Each structure stands twice: as C-alpha cells, then as structure tokens.
1. Which value, in debye to the nearest 20, gives the size of the charge dipole of the range 121-343 about its Cα centre, when Lys and Arg are +1 and Asp and Glu are -1 at the Cβ?
2. For Lys267, which lysines qualify as cross-link partners when the Cα separation must be under 26 Å and same-chain residues fewer than eight apart are set aside?
3. Only counting other Cβ atoms within 10 Å, I'd like Cys185, Cys207, Cys98 sorted with the fewest neighbours first.
4. Using Cα-Cα distances under 8 Å and only pairs 6 or more residues apart, what relative contact order does the range 51-196 have, in percent?
5. Please state the relative contact order of the chain as a whole percent: Cα pairs under 8 Å, 6+ residues apart?
6. Between helix 273-285 and the chain, what is the angle of the helix's C-alpha long axis to the longest principal axis, kept within 0 to 90° and rounded to the nearest 10?
7. DSSP loop (so not H, G, I, E, B), at most 15 other Cβ within 10 Å: list which GluC sites (Glu not before Pro) in the range 38-119 pass both filters.
8. Mind checking which of Leu232, Thr322, Ser208 is farthest towards the positive end of the range 121-343's charge dipole, using Cβ charges of +1 (Lys, Arg) and -1 (Asp, Glu) about the Cα centre?
Amino acid sequence: MRRITCIDVAAVDLELIEPFSISKGAATEAEIAVVRLTLEDGTSGLGEAAPFRAYDGQTRASALEALAEAAPAILGVDPLLSGQIHDRIKASAPGSSCALAALEMAALDAFTRREGIALWRYLGGKDVPLNTDLTIVAGDLDHAARCAEKAHRAGFGTLKVKVGRDGVSTDRQRLEVISQVAPGCGLILDANGGYTVAEAENLMRECSGAELPVELFEQPVEALDDEGMAHLTSLGMWPICADESCRSAADAMRIVTNSMADVINVKTQKSGFLETLKIIEVTRAGRLSLMIGGMVESSLSMSFSAHLARGAGGFRWVDLDTPLFVRKHPFRGGIDIDGGSVTLDPDECGHGVQIESDQLDWQQLARENS
C-alpha cells in the first residue's frame, strides 16, 4: 500500500517583492516546479524543484526534463526506500539536483503523511529551535539602509548581506550603513564567489579594522578556487563558509582535508536530500560547523529544509528566509517566520504544506497501469 503509483508536475511562477540580486545575477520571480507523488492508497506528497540560474545555471526547463526522465524510474518503489529512490533518480537524470530534491522531498512527505508523523520527527526528532537570518540583496546604499532598518524593527538578529557585485568599496559602505541602522545585528556576508582572493582579504581587513559585526563570510571566491578558500580560512579573521564549493559528500571531504572552510552550507536543492545527509555527516566528522540554506524557494521547499534542521539539529547558522520574498504563495501551512523565529505546525504530518486552492496545471509524468 506504500508503493508509488503516480507522479504529476505543475510549473508555477511566483512573483517576488523585489529582485533577488546576488553577485552573479538576479531573479525577478521564482520559476519553480511542484511535484505531486501519489501512493497506492491515495496518500500524496508534495515536492519542489527550485532552480536559480544565477547561482548554478539550472533552469526550470532543465528541471522539467529531468523530472520527466526520472519519474518513471521510481514507480512501484516504497517511499521509505530513500537510497533506492536516490539511486534510480541519479541514474535516470544525473544532472539536475533540484529535480532530485523535488522527488525525494515528495516521497518523504508522502511516507510520513501516511505514517501520521511530522517529518522532523522522522529526520532525527531533536526538536531544536530555529532562528533564521534575513537577506539583504545586492543594491545601493539607500536600499541597504531601508532593508536593514525594516529587518531590525521586525526583530531579526542576523542579517545576511549579498556582496561581491559592486566592488569592495561600495560593499564596505553598505555594511557600515547597515550596522548603523541595525545596531546589535550580526552580519553574514555572502559573495556567491564574486570576489578575487585579494578583494576578499581586503574587505576582511577593512571591516575588521572598522569593527563591523561580521559573523561569517560565505563563498568569498569562485567555487573551484580551493587555494583561495584555504588562504582566507587560514587568516583566522572570520569563519569562512563553503557554499558553491560543496555540492556533494566528496566535496565536503575535500574541504575538510584541505582546510578550505570553517563552515559548510547545505542546501537540498543543490545536492538532493540523501546527499545532503552525507554532507552533514562528513562536516560533523571533520569538526566543521553547519549552515542550512536554500535557493529562491517557496514555503514548500523551505518547510522541508526547516523540518530537516529541526530534526537533525546542529546547525549554527540558519538561512531559510526566501519565502518572505514571495509576494503570494499558492500553499498553506508549513514554515512560519516571525522576527527570525521559525516555527512549524506541531499537529501537521509530513512537512505540513498543502496546496491552497488547486488551480495548478498538472501534467502527468508517470503512472502505473491498473
């Protein structure tokens, strides 16, 4: 009765309240694909593919192609068999991490809904409290001041500032303005690989001299610049976080072995669920700290990540704020963010997200013959 018998997909465009701008580009809307996976007894689970072209080049079109290739391969499988599902998807559509994440997410949601348990209980049950940062996207000084002041008033204690697009001088000015209007807020700087090593070190020295409250420097240089990451980590000025540099457990092992970072940011959309678990274990074994984050994701995918973080525990930094950038979600339930505090409905099974009013244009990907 737990076998997967049908998989559908719907393309959904989510308008953002402002462009989500990083050093490598921007998105004005989130182009996601919602997956609905149904079991033999009629239980359904939801998943989301949330590609972000500016981050890694993935697109919804490529995700939809991968989903169409992978879906038939997991028909008839028990959704509890995460390893088998992962391997079949990877063999059928190896190039799309967000398609992998969507199908794994939907399978786990369906399984835990059928069993009548919240997803976080199944994923470790540690029940740790979560507090997310709020992102200030790349922009000018007025934008930085306005967003930081609003976030401070709303009760956020940590601000994640996108840097690396407009140069060290402008970024330093933005950080100074943000610190002035949001006193007491810690700062995470996220360059998405937008600096050279020299630029990143220059910013570190200038901001340290100005005593700006920087807690973490995320992906300061390009993903493949192992030497640059290791050099900046060796300075011991700020904790350095690997994001684009780490997509797999093998990457995590390389980062640990070569002392390339102090922290690893895990994201289910960039690695898939099962690979994310492996990255977490390598990171812990290597005595590095953990951050959980995401792409430009809706409340659906971010709810899944919140359940993972709440169940597994051990995340020093939490970055699950992108649902706040979506003007209107087609979902209800799941993650709720209030002044940085992340809560999940304790009475809901699975990840707790439902479709608000089902007017989505569903397309069948795979179905077992009756």
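1. It comes to approximately 920 debye.
2. Hits, sequence-local ones excluded: Lys24, Lys90, Lys126, Lys160, Lys162, Lys278, Lys328.
3. Cys185, Cys207, Cys98
4. 17
5. RCO, the chain: 22 percent.
6. It is inclined by approximately 40 degrees.
7. In loop regions of the range 38-119 (DSSP not H, G, I, E or B), the sparsely surrounded GluC sites (Glu not before Pro) are Glu40.
8. It is Thr322.
Coordinate-derived values only; no laboratory data. This is a predicted model, so every value here is computed, not measured. Positions of Cβ are generated from backbone atoms using ideal geometry, with glycine treated the same way; all protein chains shown enter the neighbour counts.
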